[in-house]
1. Return only the number of the condition from (1) out of contact with any Ser or Thr (no Cβ under 7 Å at 6 or more places or on another chain); (2) hydroxyl-bearing (Ser, Thr, Tyr); (3) touching a residue at least 24 places away in the same chain (Cβ under 8 Å) that Thr54 does not satisfy.
2. When the range 29-81 is examined, which residues are found to be part of a strand (DSSP E or B) and of a type in the set (Lys, Arg)?
3. I'm trying to understand the selection: among the residues of the range 35-53, which are surrounded by fewer than 17 Cβ atoms within 10 Å (Cβ to Cβ) and farther than 14 Å from Glu65 by Cβ?
4. Would you point out the residue of the range 57-71, among those that are closer than 22 Å to Met31 by Cα and either in contact with a Cys (Cβ under 8 Å, 6 or more places away or on another chain) or among the hydroxyl-bearing types (Ser, Thr, Tyr) (or both), that is surrounded by the fewest Cβ atoms within 10 Å (Cβ to Cβ)?
5. Against the conditions (1) under 18 Å from Val32 (Cα atoms); (2) polar (S, T, N, Q); (3) not in a strand (DSSP E or B), where does Asn94 fall short? Just the number, please.
Amino acid sequence: MSARVPTLLTAMGVVLAATGLADARPASRSMVCAQIRAVIQNHRALVLTTGPNTYDRYVRQFGNECDWPEVPMSAYVPSRDGDCPVYRCEEPVNNFPN
């Protein structure tokens, strides 16, 4: 448990530094993957800036942050150390024949 505290504190510091304005969103490219995942886990759901003009809402894997019929689906965001696996709400694909 004590090993997670520095990671969470670092992640919160990065988020605070990245959000100078009230409407600003944390930028995924300014954080390492572990920080991104910790911030999402801590906030349950979070809107991240992923590029100069792109952003999306990302959620925890297990939780009720998605509205029905959406579920958490795998996604990737750019981070300082490469692509980071995260989850965002999407409708599941129906592969069953009619």
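Bear in mind these aren't lab numbers, they're just calculated from the coordinates by the rules spelled out. Bear in mind the structure is a predicted one, so any value in this text is a computation, not a measurement. In this analysis, Cβ positions are derived from the backbone assuming ideal geometry, glycine residues included, and neighbour counts consider all displayed protein chains.
1. (3)
2. So in the range 29-81, the residues part of a strand (DSSP E or B) come out as 45-51, 54-59, 71-79.
The answer is Arg57, and nothing else.
3. Of everything in the range 35-53, those that are surrounded by fewer than 17 Cβ atoms within 10 Å (Cβ to Cβ) and farther than 14 Å from Glu65 by Cβ turn out to be Gly51, Pro52, Asn53.
4. Let us first name the residues in the range 57-71 that are closer than 22 Å to Met31 by Cα, namely 57-61.
Subsequent filtering for residues that are either in contact with a Cys (Cβ under 8 Å, 6 or more places away or on another chain) or among the hydroxyl-bearing types (Ser, Thr, Tyr) (or both) retains 57-59.
Details: Arg57: 14, Tyr58: 25, Val59: 24.
The extreme case among them is Arg57.
5. The number of the failed condition is (1).
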